[in-house]
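Q: Before we start, here is the structure in question, set down as structure tokens.
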Amino acid sequence: MPEDAGQGPAEGADEIEELRRRLHASVSRVCPRWLAGQVDDIVQVAVLRVLDACRNRGGIGKVASSYLQKAAYSAAVDEIRRHSRRREVSIEDEPEMSLPPSRITGPEQRCSASEIARGIRECLAGLGVSRRHAVTLYLQGYTVPEVGRALACGLTKAEHLVYRGLTNLRECLATKGLAP
């Protein structure tokens, strides 16, 4: 077999794994602590960018370390910008869901608001993942079509997820004695 026939699949996979390892180290160095949960996603974006650039440069082995660092940095910055534009907050990361301070006037109302927030969090956690995401977006003010776009599903599916999820949420809250 001629030497210029190219690499076998195992050799290419080893190079890609080495590239991923190097990018993971670079991303871990530049990624803020609050994005630690997205490091693997950021690494994947950086890997794709580098592999795309490798097509134009003649192979993975010819990519400079400085380019890998720049790709890792760029992917991390893009993720930070995406988060700041969308202000994505996981329901588990939210310390306390509560009413605006101006509407809570006394200790009984604060206690009641805290109990309702805790009940909503517990009931949301009991929903299926897709329904939980749809209902959370809806409760944050997204319209049903916006929920569909955010979850990359059709309008009909988004409607079903939101309305069935809200029904499940109401039923769960009612079992906790928190019905409206």
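Q: Gln69 is checked against (1) part of a helix (DSSP H, G or I); (2) among the polar types (S, T, N, Q); (3) at pLDDT below 70 and fails just one. What number does that condition carry?
A: Against the list (1) part of a helix (DSSP H, G or I); (2) among the polar types (S, T, N, Q); (3) at pLDDT below 70, Gln69 comes up short only on (3).
Here is a yes/no grid of residues against (1) within 16 Å of Ile120 (Cα to Cα); (2) outside the structural domain of Val129 (by TED's automatic domain parsing); (3) part of a helix (DSSP H, G or I); (4) among the hydroxyl-bearing types (Ser, Thr, Tyr):
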| position | (1), (2), (3), (4) |
| --- | --- |
| Pro145 | no, no, yes, no |
| Gly148 | no, no, yes, no |
| Glu159 | no, no, yes, no |
| Val162 | yes, no, yes, no |
| Thr167 | yes, no, yes, yes |
| Glu171 | yes, no, yes, no |
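Q: Quick check on my filter: what residues within region 124-143 are among the small types (Gly, Ala, Ser), at pLDDT below 90 and part of a helix (DSSP H, G or I)?
A: Scanning region 124-143 gives Ala125, Gly126, Ser130.
Q: Another question about this same structure. Looking only at region 12-39, count how many residues are basic (Lys, Arg) and within 15 Å of Ala75 (Cβ to Cβ).
A: Going through region 12-39 one residue at a time, the tally reaches 3.
Q: Same structure again: When you scan region 123-154, how many residues do you find that are touching a residue at least 40 places away in the same chain (Cβ under 8 Å) and exposed (fewer than 13 other Cβ atoms within 10 Å of the Cβ)?
A: Of the residues in region 123-154, 1 are touching a residue at least 40 places away in the same chain (Cβ under 8 Å) and exposed (fewer than 13 other Cβ atoms within 10 Å of the Cβ).
Q: Among the residues of region 25-37, are any at pLDDT 75 or above, over 20 Å from the mean Cα position of the chain (by Cα) and not basic (Lys, Arg)?
A: Yes, there is a match, as at least one residue in region 25-37 is at pLDDT 75 or above, over 20 Å from the mean Cα position of the chain (by Cα) and not basic (Lys, Arg).
Q: Here's something else I'd like to know. In region 155-180, what residues are touching a Cys at 6+ places or on another chain (Cβ under 6 Å) and surrounded by 18 or more Cβ atoms within 10 Å (Cβ to Cβ)?
A: Matches in region 155-180: Leu169, Cys172.
The values are calculated or read from the model by the stated rules, or taken from the named source; none is laboratory data. Computed from a predicted structure; not experimentally measured. Please note: Cβ atoms are built from the backbone with ideal geometry, for glycine as well, and neighbour counts cover all protein chains shown.
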